[in-house]
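> This is the structure I have questions about; it appears just below.
The values are calculated or read from the model by the stated rules, or taken from the named source; none is laboratory data. Here the structure is a predicted model, which is why all the values come from computation and not from measurement. Using ideal geometry, Cβ is built from the backbone for each residue, glycine included, and neighbour counts are taken over all protein chains shown. For accessibility, only protein heavy atoms count, side chains too; no ligands or nucleic acids. Shrake-Rupley method; radii C 1.70, N 1.55, O 1.52, S 1.80 Å.
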Amino acid sequence: MLIANMSPRTTGKTTDTGWLSHALLEDEEGYEVEGYDADHSKQFWSWSQPGKGNFSFPVHLKASAKFHQEVVPPTGKRIAMVDCGHTENHIFIADSLLRIADLVILHMSPTAADWERIVEPETAKPFKDILASSAPLRATGRKPETWVLLNRTVANASSTGYYREEMIKEGYNVFTTVIPRSERFGDSMGGPVEGAAKTAFGALVTEMKKRGLLPVGDQEVRR
Ligand SMILES: Nc1ncnc2c1ncn2[C@@H]1O[C@H](COP(=O)(O)OP(=O)(O)OP(=O)(O)O)[C@@H](O)[C@H]1O
Ligand SMILES: [Mg+2]
């Protein structure tokens, strides 16, 4: 399956993608990960390199508007993790990915600023409309399954619950698991990722499995 990690602007995607990839690898289900950097900034790729994160899985450079023609989503327990650029600036790459994504994770902080850029941007297309316009170009004829991951949350802050409800009102699914604001995650890019399964990203993998969003046993997830 192919998981597209997306957002209109800088929202913690690459950090989440790096950690979630490792939490998948560490999971008992035996997932294999293949990374794709579909962002011109190349930070997922750069993080993976020897002397930096030294990831045990490859990260391919693929900031391409022909992504859907050039990449075949893997089957079984193999998961393509794609880090996308800003949909605000690189809509053609986003459109290409959305043709073949089995799951979209929309990364955001529970803030007015992120909410506005996703739901009511002044000068761009709302993310919901980007998703909707992918439907006729997909094999299923339906937009891809999409889940919001709240990140950089602050313990006990009312913002987490508030923006969860706001996104649900907009028609989004929102993961119960949230990624807390922390120095460990915030300063992790460029170094090795260890013990991901024991962090909130491990809890996220468990939630994804429970919700049928990841292959478990012999069961394929294709959408
Ligand atoms: N859980 C976290 N806690 C604290 N800081 C975080 C966390 N996750 C990400 N950050 C910080 O937020 C900023 C943006 O993160 P990141 O670069 O991953 O976002 P991005 O969406 O990939 O951005 P871009 O689209 O511009 O590449 C960085 O300074 C990063 O260190
Ligand atoms: Mg990034």
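> Using a 1.4 angstrom probe, figure out how much accessible area region 2-210 has per residue, in square angstrom, rounded to the nearest whole.
On the way: 9240 Å² over 209 residues.
In whole numbers, region 2-210 has 44 Å² accessible per residue.
> At a Förster distance of 22 Å, what's the computed FRET efficiency of residue 120 paired with residue 158, Cβ-Cβ distance as r, to 0.05?
Once the sixth-power term is evaluated, E becomes 0.55.
> Return the carbon/sulfur percentage of the accessible area of region 2-210, one whole number, probe 1.4 Å, all protein chains in place.
50 percent
> Helix by helix, which DSSP H runs in the chain go 18 Å or more along their axis at the Cα atoms and have an average Kyte-Doolittle hydropathy of -1.0 or more?
Working: long enough: 13-26 (19 Å, -0.36).
The answer, listed by residue number, is 13-26.
> Of the peptides 167-176, 77-86, how do they stack up when ordered by the mean number of other Cβ atoms within 10 Å, highest first?
So the order, starting with the most tightly packed, is 77-86, 167-176.
> Right, another one. Using Cα pairs under 8 angstrom and six or more residues apart, how large is the relative contact order of the chain, in percent?
27 percent
> For the chain, what is the convex hull (Cα atoms) projected area averaged across all directions, in square nanometres?
Its average projected convex-hull area is 11.2 nm².
> What is the distance in Å between the Cα centroid of region 165-207 and that of region 27-99?
Cα centroid to Cα centroid, the span is 18 Å.
> Could you name the lysines whose alpha carbon sits less than 29 Å from that of residue 125, not counting residues in the same chain fewer than 8 places away?
Partners found: 13, 42, 62, 66, 143, 169.
> Sort 116-128, 96-108 by the packing proxy (mean of other Cβ within 10 Å over each peptide's residues), most packed first.
In descending order of packing, they fall as 96-108, 116-128.
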